[in-house]
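Read through the structure below, which is laid out as structure tokens, and then see the notes.
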Amino acid sequence: MQDALPKKTLQGKTILVTRPAHQAAALMSLIKQAGAHALPFPTIEILPPQNPQPAITQFQQLEQFDILLFISANAARIGMEMIQQQGTLPKTIQVAAVGKATTRTLQQLGVAVDILPQSRFDSEGLLATPQLQAVSDKRILIVRGEGGRELLAETLRKRGAEVHYAEAYRRTIPNTDPTPVLQAWQAGQLDAAIVTSNQSLDNLIQMVGEAGHKALLQTPLVVISERTREVALERGFQHPPQLATSPSDDAILDTLTTLFQPHNNTE
């Protein structure tokens, strides 16, 4: 798709990219190809769990589970690394992924995905899949970061499943100097921000502090889930965030391009 993009569709714009550093390179490259300046400001840092043993113990017992559910690309990458250190995936286990990026990560690791949302790529979308409707007496292992949402487990338990967690990583707020972001706002040169999770949004608010709070709330956002869109409005953002059609880099770039088309200028 990159070759088909109109040249310099974001000419002169500055876009704040809040993805973790190890996940931002491809998106930043697309933004630069479209003529914009990509300003990196990771608002989440991915670290190993303080105590990995509970997850390791679950991964050593995978043959006892019917479904292995990965909640993010990080869960897929780090979880599969831990699983491969213990052995291999049982052939009988079904693998579920919350979205396309998670699926792509698993496929790159040689893991076939059996359960994938068709439209909404979040917990709600995964819960809507036919395979997760009749799960009575199924044993499900959810691979996630420490302290994630409880919706998946709670809903699956209500449907009769036995659900366990393998918390393969933790998310922390980076100790990053916000000065370049504050200076961009002061110069009137920060045109939009990309935010890919609720935690990323709340960390961004905290990291720019009081000095950047007003400017941040006036900054157009591109988000990848309806939940994050709703949270942004609750936090006081003045422009309704633009929702990308999927979490893919191409979809995010398409949404940015649409945001700056003359008929869609945010006032």
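For the criterion of being touching a residue at least 12 places away in the same chain (Cβ under 8 Å), within 30 Å of LYS138 (Cβ to Cβ) and surrounded by fewer than 20 Cβ atoms within 10 Å (Cβ to Cβ), LEU69 fails. Just one of the listed residues (ALA55, ALA112) is in the same structural domain as GLY145 (by TED's automatic domain parsing), over 18 Å from the mean Cα position of the chain (by Cα) and surrounded by fewer than 16 Cβ atoms within 10 Å (Cβ to Cβ), and it is ALA112.
Considering every residue within region 157-169, establish whether at least one is modelled with pLDDT under 95 and either assigned to a loop (DSSP other than H, G, I, E, B) or crowded, with 19+ Cβ neighbours inside 10 Å (or both). Scanning region 157-169, I find no residue that is modelled with pLDDT under 95 and either assigned to a loop (DSSP other than H, G, I, E, B) or crowded, with 19+ Cβ neighbours inside 10 Å (or both), so the answer is no.
Can you tell me how many residues within region 118-134 are more than 15 Å from the chain's Cα centre (by Cα) and either within 16 Å of SER225 (Cβ to Cβ) or surrounded by fewer than 17 Cβ atoms within 10 Å (Cβ to Cβ) (or both)? Give the steps one after another, and end with the answer.
Quick first cut of region 118-134, residues more than 15 Å from the chain's Cα centre (by Cα) only: 118-119, 127-134.
Keeping just the survivors that are either within 16 Å of SER225 (Cβ to Cβ) or surrounded by fewer than 17 Cβ atoms within 10 Å (Cβ to Cβ) (or both) gives 118-119, 127-131, 133-134.
Looking only at that region, the number is 9.
From the list THR9, THR14, the one residue that fits, being touching a His at 6+ places or on another chain (Cβ under 8 Å), closer than 23 Å to ILE194 by Cα and among the hydroxyl-bearing types (Ser, Thr, Tyr), is THR14. Within region 132-147, residues that are free of Cβ contacts under 8 Å to residues at least 60 places away in the same chain and assigned by TED's automatic domain parsing to the domain that holds MET80 have Cβ atoms under 6 Å from residues that are not in a strand (DSSP E or B) and not aromatic (Phe, Trp, Tyr) in these pairs: SER136/GLY160, counting only partners at least 6 apart in sequence or on another chain. Taking each residue of region 235-250 that is surrounded by 15 or more Cβ atoms within 10 Å (Cβ to Cβ) and looking for partners that are part of a loop (DSSP other than H, G, I, E, B) and modelled with pLDDT of 95 or more with beta-carbon atoms closer than 9 Å, six or more apart or interchain, yields PHE237/GLN218; PHE237/THR219; PHE237/PRO220; HIS239/GLN218; HIS239/THR219; HIS239/PRO220; PRO241/PRO220; GLN242/PRO220.
Taken together, the residues in region 200-234 that are surrounded by fewer than 19 Cβ atoms within 10 Å (Cβ to Cβ), outside any loop (DSSP other than H, G, I, E, B) and among the polar types (S, T, N, Q) amount to 1.
Is it the case that ALA161 is touching a residue at least 24 places away in the same chain (Cβ under 8 Å), over 25 Å from MET28 (Cα atoms) and outside the structural domain of ARG19 (by TED's automatic domain parsing)? Spell out how you get there, then give the answer.
Values: touching a residue at least 24 places away in the same chain (Cβ under 8 Å): yes; over 25 Å from MET28 (Cα atoms): yes; outside the structural domain of ARG19 (by TED's automatic domain parsing): yes.
Against the criterion (touching a residue at least 24 places away in the same chain (Cβ under 8 Å), over 25 Å from MET28 (Cα atoms) and outside the structural domain of ARG19 (by TED's automatic domain parsing)), ALA161 qualifies.
Whether a residue is in a loop (DSSP other than H, G, I, E, B) and within 18 Å of PHE59 (Cβ to Cβ) was assessed, and VAL135 does not pass this test. Residues that are of a type in the set (Val, Ile, Thr) and in contact with a Leu (Cβ under 9 Å, 6 or more places away or on another chain) within region 90-136 comprise ILE93, VAL95, VAL98, THR102, THR103, VAL111, VAL113, ILE115, THR129, VAL135, listed in sequence order.
Quick check: is even one residue across region 241-250 under 15 Å from the mean Cα position of the chain (by Cα), of a type in the set (Val, Ile, Thr) and modelled with pLDDT under 95? Taking every residue of region 241-250 in turn, at least one turns out to be under 15 Å from the mean Cα position of the chain (by Cα), of a type in the set (Val, Ile, Thr) and modelled with pLDDT under 95.
Taken over region 83-105, the criterion of being more than 22 Å from THR245 (Cα to Cα) and either touching a strand residue (DSSP E or B) at 6+ places or on another chain (Cβ under 6 Å) or surrounded by fewer than 21 Cβ atoms within 10 Å (Cβ to Cβ) (or both) is satisfied by GLN84, GLN85, GLN86, GLY87, THR88, LEU89, PRO90, LYS91, THR92, ILE93, GLN94, VAL95.
The values are calculated or read from the model by the stated rules, or taken from the named source; none is laboratory data. Just so it is clear, the model here is predicted, and its values are computed rather than measured. Cβ sites come from the backbone with ideal geometry, for glycine too, and all protein chains shown count toward neighbours.
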